[in-house]
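Input: a single structure, listed below in structure tokens.
The values are calculated or read from the model by the stated rules, or taken from the named source; none is laboratory data. Given the structure is predicted, the values throughout are model-derived calculations rather than measurements. In this analysis, Cβ positions are derived from the backbone assuming ideal geometry, glycine residues included, and neighbour counts consider all displayed protein chains.
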């Protein structure tokens, strides 16, 4: 609930959240009335956002990879059965970089890897192969593939 105290030169907006009381004072003679109205609306919006509980991810039974990728032993072993070690390491690196740069959290890093990260790893691999083919020349590239 938001309440107001309207005094001669000051408007005070008061609201409560989490057992604490917050207040914002506006000096009427310094701020035009329409700007005060806009600011009060913003305070209402902030109060609504404060009411949302942040998502908390349980990482107690998971191993930490790099800065912020968490997988259980079973999840990591599942990835090992499906992909080679280089792809798994690259997937963890991509997911870690994405989470660190965006602040995004996932309920399951394992499923994020399976859902979109491995597609990105595969795409990178295809791009590298494609680029290498045209840098080397077709014949040299085919010879190198036959060696493997």
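Some points to look at:
- The one condition from (1) at pLDDT 90 or above; (2) in the same structural domain as residue 14 (by TED's automatic domain parsing) that residue 43 does not meet is (1).
- Selection count where residues are part of a helix (DSSP H, G or I) and either in contact (Cβ under 8 Å) with a residue 60 or more places away in the chain or more than 12 Å from the chain's Cα centre (by Cα) (or both), scope the range 80-120: 23
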